[in-house]
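Just below is one structure, and these are the notes that go with it.
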Amino acid sequence: MKVAVAGCCHGALDKMYETLELLQQRHNVRPDLLLCCGDFQAVRNEADLRCMAVPAKYRHMQTFYRYYSGEKKAPVLTVFIGGNHEASNHLQELPYGGWVAPNIYYLGYAGVVRFRGVRIGGISGIFKSHDYRKGHFECPPYNQQTIRSAYHVRNIEVFKLKQLKRPIDIFMSHDWPRSIYHYGNKKQLLKMKSFFRQEVESNTLGSPAASELLQHLKPTYWFSAHLHVKFAAFMQHQTNSKEELPKATKFLALDKCLPHRDFLQIIDIEHDPSAGDSLEYDAEWIAVLKATNSLINVTQSSWNMPEKNGLHAKWDYSVTEEAIKEVLEELNHNLKIPCNFTLTAACYDPSKPQKHMEPVHSINPQTTEFCAQFGLTDINDRIQQAKEEGSVRGEYEEEEEEEEMDSTGSAEEPSEYNTDNSGLSSINPDEIMLDEEGGDEDLSTCSVDPSPDHPPDFSASFSDIRIMPDSMAVSSDDAMDSTNEELEKSGVSKQVEEKSLSERPLKRIGGNENGNSGIKKIKRRNQAIYAAEDEDKTE
């Protein structure tokens, strides 16, 4: 089957789907599935805009709300992960994944699903060392710290994914696995993005957690976005025994969704022709969720996952074939994910803007149903309980003190990764730091600038389509020609355009219902990235 893979969407769904339509018209290429690698921006209304950690000039309604309201429907099944530019309050409603609109599915904090027999996994957010070992404690309305920490990857999600034993076909992360740049044309990458050089040379660019997952899962394909540049690599994994067959991962990072940008790729994936066309649960993943349910933490306290170090009675939470069989029996061998999308917030109305709409903490009926079906903890319900018990505070003073003292945790329980500040001070290249001088950091304002009803025709800038080659033979450290150049020459694929806030009680919805951060400036690398973005918009 044909799978389309997109980089940072930034809410431009109309543009993305129009590009797919153009593929069909010009080249008779119709993808069966669309994967999006974060920064999807499922913004439903003005309150959602206020939950995005970006300067006000980047807060635009874009076009997702049209798909949320039912005005439009995604023409192809779309599966996405979260990035660092998201309506975190919306995605937080679906920690285990779920439908954000008809035919558009979010994988959750971490998740694995199946489509036509192809196993697809992903992890949302970006890595930040000082939040990695905390629980998912954030909830709207966010303050200046939690609006960012809400999208930071947590060790429990990585731990869950590491319990998987069965092969993964496709995996998605927003930020790149650390060190992956050594397996592609590093010279060409640094030519395009020279401000990556220091971190590439010090091997601090990218996520160490994603790198750990890459080495453990060894998926056939790994897709990322985040750095707004296209880059391909080929990683041959080491085998653990003579009997184990060699495995390799084809890595591809996509550009952002803008005109004249290479943000979309079409690949051919082997699939099960006897499988149906519905998105399905993965039985092993459900069994892992059940096995690790007792590990859920909704506090700011740092903690490590169980490991074989003499401190834990149990450290292996991988599941048996019997446990997987039990999941199948619970579902009567019907793994189809129910199409149970429900509106949980009012949808943006261009004729009746509500610039002062405030976010609320909601429980999504999809999550309630999912947790009840599999006996899992509803994380948002647990957060609310913890707040009522006084375990979770709205302020962040304690955490700020903790970060100033040490981001690695206690000496008794060291972090899984080296969290030396010199190496991790800027490992998230696209995480926007709010500019204090510009005043853009005011979370109480939002720029509601919906896209026009008739978006521009991108056909004039539509160039040849390419399909990713079956083999991307790229040796490490630039031993061969650019993989990106190989992609340019092969097949068919596409390139295109691309107060502190007061706490509010939890809002449980069923059925249909229509301060300064003290950071003085945007990081040097971010300045370069977003200066380029502004140039794109003026072309």
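The values are calculated or read from the model by the stated rules, or taken from the named source; none is laboratory data. Since we're looking at a predicted model, the values are computed, not measured. Glycine gets a Cβ as well: all are built from the backbone with ideal geometry, and neighbour counts include every protein chain shown. Calculation scope for accessible area: heavy atoms of the full protein, side chains included, ligands and nucleic acids excluded. Shrake-Rupley method; radii C 1.70, N 1.55, O 1.52, S 1.80 Å.
One table, with the values for the structure above:
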read-out	value
Failed item, numbered, when Lys165 is tested on (1) open to solvent by less than 10 Å² (accessible area, probe 1.4 Å); (2) among the basic types (Lys, Arg); (3) under 17 Å from Pro219 (Cα atoms)	(1)
Residue in segment 357-380 that is closer than 30 Å to Tyr68 by Cα, open to solvent by 30 Å² or more (accessible area, probe 1.4 Å), part of a loop (DSSP other than H, G, I, E, B) and not aliphatic (A, V, I, L, M) present	yes
Count of residues meeting criterion [in contact with a helix residue (DSSP H, G or I) (Cβ under 9 Å, 6 or more places away or on another chain) and open to solvent by 10 Å² or more (accessible area, probe 1.4 Å)] in segment 68-84	5
Every pair of residues 6+ apart whose Cβ atoms lie under 7 Å, when the first sits in segment 271-284 and is farther than 17 Å from Ile170 by Cβ while the second is open to solvent by 30 Å² or more (accessible area, probe 1.4 Å) and not in a loop (DSSP other than H, G, I, E, B)	Ser278/Lys336; Ala283/Leu328
Some residue of segment 106-118 being within 20 Å of Ala209 (Cβ to Cβ) and open to solvent by 10 Å² or more (accessible area, probe 1.4 Å)	yes
Identity of the residue in segment 264-276, closer than 27 Å to Val319 by Cα and either of a type in the set (Asp, Glu) or touching a helix residue (DSSP H, G or I) at 6+ places or on another chain (Cβ under 8 Å) (or both), that ends up most open to solvent (accessible area, probe 1.4 Å)	Glu270
Some residue of segment 257-266 being modelled with pLDDT of 80 or more and among the charged types (D, E, K, R)	no
Matching residues, segment 197-217, being open to solvent by 50 Å² or more (accessible area, probe 1.4 Å) and under 24 Å from Val3 (Cβ atoms)	Gln215, His216
Matching residues, segment 218-233, being hydroxyl-bearing (Ser, Thr, Tyr) and surrounded by 22 or more Cβ atoms within 10 Å (Cβ to Cβ)	Ser224
Selection status of Glu212, over 29 Å from Lys308 (Cβ atoms) and not hydrophobic (A, V, I, L, M, F, W, C)	no
Leading residue by the ranking (farthest from Lys314 (Cα to Cα)) among those in segment 156-181 that are assigned to a helix (DSSP H, G or I) and more than 15 Å from the chain's Cα centre (by Cα)	Tyr181
Unique residue being more than 24 Å from Val3 (Cα to Cα), open to solvent by less than 10 Å² (accessible area, probe 1.4 Å) and small (Gly, Ala, Ser) when the list is Ala87, Ala56	Ala87
Residue ID - most open to solvent (accessible area, probe 1.4 Å), chosen from residues in segment 234-245 that are in contact with a helix residue (DSSP H, G or I) (Cβ under 9 Å, 6 or more places away or on another chain) and either closer than 27 Å to Arg154 by Cβ or part of a loop (DSSP other than H, G, I, E, B) (or both)	Gln238
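Okay, residues lined up against (1) of a type in the set (D, E, K, R); (2) in contact with a Lys or Arg (Cβ under 7 Å, 6 or more places away or on another chain); (3) surrounded by fewer than 19 Cβ atoms within 10 Å (Cβ to Cβ):
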| site | (1), (2), (3) |
| --- | --- |
| Met1 | no, yes, yes |
| Met16 | no, no, no |
| Leu20 | no, no, no |
| Gly38 | no, no, no |
| Gln41 | no, no, no |
| Glu46 | yes, yes, no |
